[in-house]
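Quick notes on the structure that follows.
The values are calculated or read from the model by the stated rules, or taken from the named source; none is laboratory data. Just so it is clear, the model here is predicted, and its values are computed rather than measured. Every residue, glycine as well, gets a Cβ built from its backbone with ideal geometry; the counts of neighbours run over all protein chains shown. Accessible surface areas use protein heavy atoms only, side chains included; no ligands, DNA or RNA. Shrake-Rupley method; radii C 1.70, N 1.55, O 1.52, S 1.80 Å.
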Amino acid sequence: MEPINFIDVTAENVEEMGVFCIKNKKAPGYLKKVSWFKNKLNKGLRIILIKDDQGKEIGFIEFIPSELAWRPVKATNFYFIQCIALFGKAMRNQNLGTALLQQCEAEAREEGKFGLCTLSSDGPWMATKEIFVKNGFHVVEKKDRFELMVKAFAKDCQLPKLSDWNAEQQKYKGWSLVYSDQCPWHEKSVIALQESAAMHGIPLKVVRLTSPEEAKRAPSGYGTFTLLRDGKILADHYISKTRFENILKKEIQ
């Protein structure tokens, strides 16, 4: 494995260090993500970047105290991993994902956490469950396409649980798009879907989640991006304008 450097990103230095996924610091999604990252509601939120010897960013992990996770999960005194990613297939064969998880685990143990938890899925998502299984995580609950994975340090602790996001879906009537600024790609998708909906005369109601509590009551497992029509999920991850228009063709036949 090539020499790598771990870079600690906090609310104090995020504007300088960046948020990995979007490099253009003038992009609307980048600016929204930085503002979200610095929000006092996200106390304890962390990003750890990994860079090579030339300073190139090659991966990151984002985690937060589980009580403040922007996912429909109930957990106390865990760290919740909201995202983990590596850039390029070659990087994925160098155990860099494991190195990031080990950094997160070391901090969790130092802070006296009960363990780590996250969501995995075989659909559009940050990672499949293999990287977590490899590092000692176990599936404790499954709903729809999502799996709640936990690595508990204490045998007698209360394990995390999934919220009932299916019950939340019925609260949304008509065309609804529910999202937050947790992912920098959401802003681009939201703008594209709003423009397309207007062009097709679709009354799309857009709801922006502004707190972890709202995200925990989200209508899908992804939590921070859901497209619905009359309580039916049409997409539970950010999508392109083309994908949205394909959905429209099926829904308004």
First in the range 51-76 and within 16 Å of Glu111 (Cβ to Cβ), second anywhere and in a loop (DSSP other than H, G, I, E, B) and among the aromatic types (Phe, Trp, Tyr), Cβ under 8 Å, 6 or more apart: Ile64/Trp70; Thr76/Phe114
Taking the range 196-231 and keeping only residues that are among the small types (Gly, Ala, Ser), touching a residue at least 40 places away in the same chain (Cβ under 8 Å) and in a loop (DSSP other than H, G, I, E, B), one is left with Ser211, Ala218, Ser220, Gly221, Gly223, Gly231
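Based on what the data block shows, is Lys161 touching a residue at least 24 places away in the same chain (Cβ under 8 Å), out of contact with any Phe, Trp or Tyr (no Cβ under 6 Å at 6 or more places or on another chain) and open to solvent by 20 Å² or more (accessible area, probe 1.4 Å)? Before the answer, list the steps.
Details: touching a residue at least 24 places away in the same chain (Cβ under 8 Å): yes; out of contact with any Phe, Trp or Tyr (no Cβ under 6 Å at 6 or more places or on another chain): yes; open to solvent by 20 Å² or more (accessible area, probe 1.4 Å): yes.
For Lys161, the condition - touching a residue at least 24 places away in the same chain (Cβ under 8 Å), out of contact with any Phe, Trp or Tyr (no Cβ under 6 Å at 6 or more places or on another chain) and open to solvent by 20 Å² or more (accessible area, probe 1.4 Å) - is met.
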Breaking point among (1) open to solvent by less than 10 Å² (accessible area, probe 1.4 Å); (2) over 22 Å from Asp8 (Cα atoms); (3) within 16 Å of the chain's Cα centre (by Cα), for Thr128: (1)
Exclusive hit being in contact with a Phe, Trp or Tyr (Cβ under 7 Å, 6 or more places away or on another chain) and under 28 Å from Asn39 (Cβ atoms), set Ser189, Ser211: Ser189
For Leu234, are the conditions met, namely being part of a strand (DSSP E or B), modelled with pLDDT of 95 or more and either under 23 Å from Lys43 (Cα atoms) or open to solvent by less than 30 Å² (accessible area, probe 1.4 Å) (or both)? yes
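Tell me, which residue of the range 146-158 that is open to solvent by less than 60 Å² (accessible area, probe 1.4 Å) and assigned to a loop (DSSP other than H, G, I, E, B) is farthest from Glu111 (Cα to Cα)? Spell out how you get there, then give the answer.
At the first step, the residues of the range 146-158 found to be open to solvent by less than 60 Å² (accessible area, probe 1.4 Å) are 146-154, 157.
Filter again for assigned to a loop (DSSP other than H, G, I, E, B), leaving 153-154, 157.
Values: Phe153: 12, Ala154: 13, Cys157: 15 Å.
Per the stated criteria, the residue is Cys157.
Residue-wise test of (1) open to solvent by 10 Å² or more (accessible area, probe 1.4 Å); (2) over 18 Å from Pro212 (Cβ atoms); (3) not hydrophobic (A, V, I, L, M, F, W, C).
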| residue | (1), (2), (3) |
| --- | --- |
| Met17 | yes, yes, no |
| Lys32 | yes, no, yes |
| Trp36 | yes, no, no |
| Ile61 | no, yes, no |
| Trp70 | no, no, no |
| Lys74 | yes, no, yes |
| Tyr79 | yes, no, yes |
| Gln82 | no, no, yes |
Of the residues in the range 237-253, those that are more than 14 Å from Leu193 (Cβ to Cβ) and part of a helix (DSSP H, G or I) come to Lys249, Lys250
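Thr118 - would you say it is open to solvent by less than 40 Å² (accessible area, probe 1.4 Å) and in a strand (DSSP E or B)?
Details: open to solvent by less than 40 Å² (accessible area, probe 1.4 Å): yes; in a strand (DSSP E or B): yes.
It is true that Thr118 is open to solvent by less than 40 Å² (accessible area, probe 1.4 Å) and in a strand (DSSP E or B).
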